[in-house]
Amino acid sequence: MGITDILVIGGGIIGASVAYGVAERGVRVALLDQGGSAPNASRGNFGLAWVQGKGLGMPRYAEWSLEAAQAWPEFATHLREQTGISTDYLRPGSFEVCLGEKAWKAREASIVQMRRESAAGTCDCEMLDRQAMRERIPKLRLGEAVSGASFSPHDGHLNSLALLTALLAANQKIGVVHHPEQPVKSVSFQKGSFEVRTSTKHFSAQKVVLTCGLGIKPLARQVGLEIPIRPQRGQILVTERTHPLLEQPFVTIRQTQEGSFLFGASHEEVGFDTGTTLEEMRRLAGHAVQVFPELARLQLVRCWGALRILTPDTKPVYVESESCPGAFVVTSHSGITLAPLHAQRLSEWIVEGVAPDGFEQFHPRRFDA
Amino acid sequence: MLKRRWPPQGKAVTLWFEEQPILAHEGESVAAALLAAGVDYLRSAPVSGTARAPYCWMGVCFECLLEIDGQPNQQSCLIAVQDEMRIHRQPSSMGEPS
């Protein structure tokens, strides 16, 4: 049995970010993770720290994402200084490519709408025509169908495996106790504190934070919260490594610092199936070649399927239970983008009870029809 | 780089690596045979340009990629030698950096 102040349940990027942040306030923290069998989005994702296009319909989320993007460079430096691990974070800005004139017009309209909804300065995407795009991507030829792109100066990309490793190392350094193979069976609220059971261990804590992605739903119910999240599969293809050709990430195409290209972004409603399909792989590779025809020369070396953690509006949930005060849920499809804020801005809320401004917008009551 | 720990069991074969003959034995992998013959790297990292050689010997690290009989990106640690194989270090699929 372990006694601690705060128990963070879910040791992926979100859990490790939250645990690190609260531990920096000097409280005792333990971080529990399900281990190898978890459908772990932290390991399967595409590696974007991305703002562009986020927050349509929820301006607070657009601001929150932008704040995260602005915090990222310092956060990456901080993690490297603390742990010696580089996350390969770079912030060259990002493209959202448009194929055909109609797509370009639609993209422009959505940016105009976001700009109208948002506070001044929080949506500074620009629309680039084909020629302007070509000037920023000097080493690859654009496909015929490319009409242009929207460009956001805030976005970056990184090695998400290195990020998870760095976060876990930073946690260890600051004294967080990590239990990597402890799937949680039950959480109960008794006399103002929480009892958490795994199949072999029993923990007591003043507060619990559920950060276990797709595993949140059943545990949240035990602390009086209904969190409607579902898995959505995305497949990713990896090419052989090549010399640096593309600096800026796209939603669907990026080149890693090691030289591999990643192609991604399928959106499949297939439950917890993490498999791959020839049909989607063909589509993803076909799209990449449509954007950059020369990439057809690269051999594919690996592919996988990973599960996104989606709320009905794809935006984060931050909530403390009313019936079991001290139980928190933190979940987002954008655990990498938001990592600096999950480490730096949630600890005051979780430890002291002071939520960031406008946080009520992230309450899951917005899903109650 | 590698030494055979016991006398080769398989039939002797000839590989052609960068147009040079290499003695190998049936049952050996291409990567092992090349390293045993004194070849000291199989590829260059496309980003840093540093020399690389097989690391995992089980098909996951992709440090052993070679062009074998005209096929690029062959995982030479997983491919058994055959007589008269033509093997080259591979040029970049995307051409050389400009």
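Considering each residue of segment A:247-278, count those that are out of contact with any Gly (no Cβ under 8 Å at 6 or more places or on another chain), within 11 Å of chain B (Cβ to nearest Cβ) and part of a loop (DSSP other than H, G, I, E, B), and give that number.
3
Only one of A:F46, A:F95, A:F75 is crowded, with 16+ Cβ neighbours inside 10 Å and farther than 28 Å from A:Q361 by Cβ. Can you tell me which? I'd like the intermediate steps shown before the answer.
Numbers: A:F46 fails: farther than 28 Å from A:Q361 by Cβ; A:F75 fails: farther than 28 Å from A:Q361 by Cβ.
One residue alone meets the criteria, A:F95.
Could you tell me which residue of segment B:40-93 is nearest to B:A24 (Cα to Cα), considering only residues that are in a loop (DSSP other than H, G, I, E, B) and in contact with a His (Cβ under 7 Å, 6 or more places away or on another chain)?
As a first pass, look at segment B:40-93 and keep what is in a loop (DSSP other than H, G, I, E, B): B:40-42, B:45-50, B:53-64, B:69-70, B:76-79, B:81-84, B:89-93.
Filter again for in contact with a His (Cβ under 7 Å, 6 or more places away or on another chain), leaving B:46-47, B:92.
Numbers: B:P46: 29, B:V47: 32, B:S92: 27 Å.
Only one residue tops the list, namely B:S92.
In segment B:39-54, what count of residues is obtained for those that are at pLDDT 95 or above and over 14 Å from B:Q90 (Cα atoms)?
2
Show me the strands (runs of 3 or more DSSP E) found entirely inside segment A:1-109 where at least 3 residues are within 30 Å of A:R197 (Cα to Cα) and either modelled with pLDDT under 95 or not small (G, A, S) (or both).
Details: elements: A:2-9, A:29-32, A:94-99.
Fully inside segment A:1-109 and qualifying: A:2-9, A:29-32.
In contact with a helix residue (DSSP H, G or I) (Cβ under 6 Å, 6 or more places away or on another chain), among the polar types (S, T, N, Q) and buried (at least 24 other Cβ atoms within 10 Å of the Cβ) - does that describe any residue in segment A:52-69?
no
Identify, please: which residue in segment B:45-55 is within 14 Å of A:G259 (Cβ to Cβ) and more than 12 Å from the chain's Cα centre (by Cα) and is, among those, farthest from the other protein chains (Cβ to nearest Cβ)? Before the answer, list the steps.
Taking segment B:45-55 first, the residues within 14 Å of A:G259 (Cβ to Cβ) are B:45-50, B:52.
Then keep just the ones that are more than 12 Å from the chain's Cα centre (by Cα); that gives B:45-50.
Working: B:A45: 7, B:P46: 5, B:V47: 4, B:S48: 9, B:G49: 9, B:T50: 12 Å.
Filtering first and then ranking leaves B:T50.
Taking A:Q206, is it within 30 Å of A:L158 (Cβ to Cβ), more than 14 Å from every other protein chain (Cβ to nearest Cβ) and in contact with a Ser or Thr (Cβ under 6 Å, 6 or more places away or on another chain)?
Numbers: within 30 Å of A:L158 (Cβ to Cβ): no; more than 14 Å from every other protein chain (Cβ to nearest Cβ): yes; in contact with a Ser or Thr (Cβ under 6 Å, 6 or more places away or on another chain): yes.
No; evaluated as a whole, the condition is false for this residue.
Out of A:L214, A:L210, A:L245, report the one residue that is assigned by TED's automatic domain parsing to the domain that holds A:R302 and not charged (D, E, K, R). Give the steps one after another, and end with the answer.
Details: A:L214 fails: assigned by TED's automatic domain parsing to the domain that holds A:R302; A:L210 fails: assigned by TED's automatic domain parsing to the domain that holds A:R302.
Unique residue meeting the criteria: A:L245.
Mind checking which residues of segment B:56-76 are within 12 Å of another protein chain (Cβ to nearest Cβ), out of contact with any strand residue (DSSP E or B) (no Cβ under 7 Å at 6 or more places or on another chain) and not β-branched (V, I, T)?
B:C61, B:Q71, B:P72
The values are calculated or read from the model by the stated rules, or taken from the named source; none is laboratory data. Source: prediction; values computed, not measured. In this analysis, Cβ positions are derived from the backbone assuming ideal geometry, glycine residues included, and neighbour counts consider all displayed protein chains.
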